[in-house]
Every structure is written in C-alpha cells, then in structure tokens.
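Trainee: Right, I'll just put the structure down here and ask away after.
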C-alpha cells in the first residue's frame with residue numbers, strides 16, 4: 001500500500017529541485033517552488049532546476065561534528081563594522 005499525496009494542495013510551480021551545498025558539494029533533491037534558471041542532471045539522469053546553498057546538514061558543524069569557519073562575502077567583517085558603528 002503506497003502513500004498518496006492529496007491532490008491540488010501544492011502551490012503552482014511545485015517541482016523537484018536539486019539543492020547543492022557550496023561548502024561540501026553534497027546535493028539533495030526536494031520538492032520546492034524556489035525560482036531558479038540553472039538546471040542539472042540528477043543521479044538517475046533526469047534534469048531538474050538547481051539552487052546553490054551556502055550551508056546544509058552536510059556541512060553544518062551541528063550535524064557533522066566538525067568545527068569549520070564559513071565566511072562567505074566577508075560576513076564576519078561586515079558584522080564587526082556594524083557593531084563598531086552601533087557603539088558610536
């Protein structure tokens with residue numbers, strides 16, 4: 001007995017999307033409505049839209065047990081600058 005999804009409950013544009021972790025290179029296939037123009041082939045050869053994400057369970061220290069520093073686009077420096085300006 002298979003599980004069936006209810007009809008007509010998902011928003012328009014709902015389809016399978018590949019989420020690619022830029023830190024670890026891991027890829028996940030989930031249903032989503034996120035807008036993207038890039039596509040790529042999944043493991044079975046089917047083509048799906050791709051969204052690149054900065055961090056996921058494959059690279060987050062909470063899930064991996066490894067402590068790493070991820071500083072994309074100088075976020076730490078931006079935070080320090082804003083904190084210094086707030087003190088003035």
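The values are calculated or read from the model by the stated rules, or taken from the named source; none is laboratory data. What you see is a predicted model; the values in this text were computed from it and never measured. Positions of Cβ are backbone-derived with ideal geometry, glycine not excepted, and every protein chain shown enters the neighbour counts.
Trainee: Could you check, for the range 57-72, whether at least one of its residues is in contact with a strand residue (DSSP E or B) (Cβ under 6 Å, 6 or more places away or on another chain), at negative phi and at pLDDT below 90?
Mentor: Start the filter on the range 57-72 by keeping residues that are in contact with a strand residue (DSSP E or B) (Cβ under 6 Å, 6 or more places away or on another chain), which leaves 58-59.
With the extra rule that they be at negative phi, the set shrinks to 58-59.
Among the residues that remain, those that are also at pLDDT below 90 are: 58-59.
Yes.
Trainee: Go through the range 26-60 and count every residue that is in a loop (DSSP other than H, G, I, E, B), within 27 Å of residue 75 (Cβ to Cβ) and touching a residue at least 24 places away in the same chain (Cβ under 8 Å).
Mentor: Number of matching residues: 6.
Trainee: Just the residues that are loosely packed, with under 14 Cβ neighbours inside 10 Å and part of a strand (DSSP E or B), please, taken from the range 14-25.
Mentor: Within the range 14-25, 15, 16 qualify.
Trainee: Quick one: would you say residue 54 is in contact with a helix residue (DSSP H, G or I) (Cβ under 7 Å, 6 or more places away or on another chain), modelled with pLDDT of 75 or more and surrounded by 11 or more Cβ atoms within 10 Å (Cβ to Cβ)? Before you say what the answer is, go through the steps one by one.
Mentor: Values: in contact with a helix residue (DSSP H, G or I) (Cβ under 7 Å, 6 or more places away or on another chain): yes; modelled with pLDDT of 75 or more: yes; surrounded by 11 or more Cβ atoms within 10 Å (Cβ to Cβ): yes.
Yes.
Trainee: Please list, ordered by first then second residue, the pairs with beta carbon atoms under 6 Å, 6 or more apart or interchain, first in the range 1-22 and modelled with pLDDT under 85, second in a loop (DSSP other than H, G, I, E, B).
Mentor: Short answer, once both residue conditions are applied: 11/33; 13/33; 22/54.
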